[in-house]
């Protein structure tokens, strides 16, 4: 146990930036989870597995094109779409029959789904880890007062707000977004005025899972793509959704910020137990506001 | 008191079953003796979860943390303290109960899904610390070659020890379920608002249930160490918690012995499927999906319903 004694301002700024790019990934994954949880009331444990699947698919598509710049962009588009397609099939084939069940059953069912995806990934890609390089113009880093900051992280910092804006537009300005928000509050009433709630649910589920795939695709060049990356992210994503308020997109953003920043600053303060910091933050938030920071749709 | 708890038929069936289990090691190969000893530990674990899940209606999503904590408490006591080994068996469950109290104090203020999610997060924190703290817990390697008392050192010794401890704890759990506390607990499951209205302190009862369940999970943890002689962080990983949930679901969580049966089925399936394929979780996933679709009341639930059509599920 050794606490870092003298932390320079530049190191702090660097860590905050790293934390913010981590926040982007966390936000994208958690917002998808929050959407599904808020509208469909499904605590989707398989969300992390879809994230992992997204990362592996990104690797495969990019590698088909020799990990070139074109391959990367193509993979970034194709991989989340494949994840979305798979989730569409799962929703229409399996989940849509189970909406009336209690949360415990839904949770266990999504767990079963995650077990199946996890083993299928193992079956297709084997148990070795994979790594993917970022496209040339996003490689390397620039320096902040002598500390290197990877270009790819800057790219993530641009993507994050774009996704947030897109989600805001989708939920507030489009018809399906408005119907989905209404269905989150009272699905019977929405059904009673003649809207096919089932298909709205399918759409929301697919969008949520797309975000998991997108998160996986974006994270692929920054870390080893491994079996087990699903287990790590899903717990974090659930925590973020809970401290933000179930079903609230902005809550997911706030939660991701808290989680990402406490994590990265924790690495600076106490590297071995950095993981403790975000959890302490989560517990503190929940002790003060058990229902989450922002208004939940529940 | 026993007369009130069991009718004659149940008592005789139980006695015959116990006698059979006591005789088994005389006939079985060593591997099966080991497998049964493991099943006793996990059956107790699943039953302890069901105490709060099936009878308390609490969303206990991270029960494995109490199990792993008990196993680690035992392992650390035995390897670090230098005191007589048997004391570890007494101390470890109380350590789990203390953790149950500490986590429960924070979590019981929340409801249902929030309760479960916060429990997963706090449990994951315990897991993460165990996973990282190399100098004390052995990190991701865990602790191996834990010295055990001579009496349970052999596989037959471990079998008898686990059988007797697990049977005693199951009996205690059964008595708890049928005690005044157990009745109130089931009342809370069926209608928390009404219980609150008639003056039951719901959160206090739930906290008590949590501590009791954690205690028995801790006992199961020590039984696991007795069989395997090692501990590792996976014992408190959240996926194990969901596996225990599956055991309860598979056996039937409104029936007292359902989870124990579920544990026996899952452990046997995993052991034998593991011989033929490395894709055991794929099989488990598919079995679970089928179960949720076609058999939501569990194997024993279905069996009892077939045997007695008048019997309806409580709650």
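Nothing in this text is a laboratory measurement; each read-out follows from the coordinates by a stated rule. Keep in mind it's a predicted model, so treat the numbers as computed, not measured. Cβ: placed from backbone, ideal geometry, glycine included. Neighbour counts: every protein chain shown.
One chain, two ends: residue A:129 and residue A:81. Fully extended at 0.36 nm per residue, the span grows by 15.0 nm beyond their Cα-Cα distance. Mean per-residue shielding of peptide A:100-108 is 5, counting Cβ atoms of other chains within 10 Å of each Cβ. Protection proxy ranking of B:36-48, B:155-167, by the mean of other Cβ atoms within 10 Å over each peptide's residues and highest first, is B:36-48, B:155-167. Here the simple spin-label model places points 7 Å from the Cα toward Cβ, and for residue A:69 and residue A:89 these points are separated by 3.5 nm.
The convex hull of the Cα atoms of chain A, projected and averaged over all directions, covers 16.5 nm².
When the convex hull of its Cα atoms is viewed from all sides, the range B:180-219 shows a mean projected area of 2.7 nm². Overall shape of the range A:107-175 was characterised from the C-alpha gyration tensor. The equivalent ellipsoid obtained from it has semi-axes of 32, 26, 11 Å, in decreasing order. When the P(r) is computed for the range A:72-129, the part past 17 Å accounts for 54% of the Cα-Cα pairs. Gyration tensor analysis over the Cα atoms of the range B:1-113 returns equivalent ellipsoid semi-axes of 29, 24, 14 Å (largest first, whole Å).
Percent of Cα-Cα pairs more than 29 Å apart in the range A:145-298, please. Counting pairs separated by more than 29 Å, the tail of P(r) holds 27 percent.
Packing-based ranking of B:229-238, A:26-35 yields A:26-35, B:229-238, ordered from highest to lowest mean Cβ neighbour count within 10 Å. Each listed q (0.15 Å⁻¹) maps to a log10 I(q)/I(0) for the range B:134-183 from the Debye sum over equal C-alpha point scatterers, namely -0.68.
Computed from the C-beta positions of residue B:31 and residue B:7 and an R0 of 41 Å, the FRET efficiency is 0.65 to the nearest 0.05. Compared with the rule-of-thumb size 2.2 N^0.38 Å for a compact globular protein, the range A:155-215 has a Cα radius of gyration ratio of 1.27.
Treating the Cα atoms of the range B:87-141 as identical point scatterers in vacuum, please give the log10 of the normalised Debye intensity I(q)/I(0) at q = 0.22, 0.31 Å⁻¹, two decimals. So the normalised log intensities work out to -0.92, -1.07. Helix A:9-40 and the long axis of chain A differ in direction by around 10°, with both axes built from C-alpha atoms. Computed as a quarter of the hull surface, the mean projected area of the alpha carbon convex hull for the range B:36-79 stands at 3.5 nm².
Across the alpha-carbon set of chain B, the Rg to Rh ratio works out to 0.96, Rh being the Kirkwood radius. The ratio of the alpha-carbon radius of gyration of the protein assembly as shown to the globular-protein estimate 2.2 N^0.38 Å is 0.99. Each semi-axis of the equivalent ellipsoid for the range B:71-225 is √(5λ) with λ an eigenvalue of the Cα gyration tensor; in descending order they amount to 32, 21, 11 Å.
Projecting label points 7 angstrom from Cα along Cα→Cβ for residue B:271 and residue A:195 puts them 5.4 nm apart. Taken along the Cα-to-beta-carbon direction at a fixed 7 Å, the label points for residue B:168 and residue B:87 span 1.9 nm. The Stokes-Einstein estimate for the range A:139-179, based on a Kirkwood radius over Cα pairs and taken at 4 °C with 1.567 mPa s viscosity, is a diffusion coefficient of 106 µm²/s.
Based on Cα atoms of the range B:187-295, Rg over Rh with Rh as the Kirkwood radius reads 1.05.
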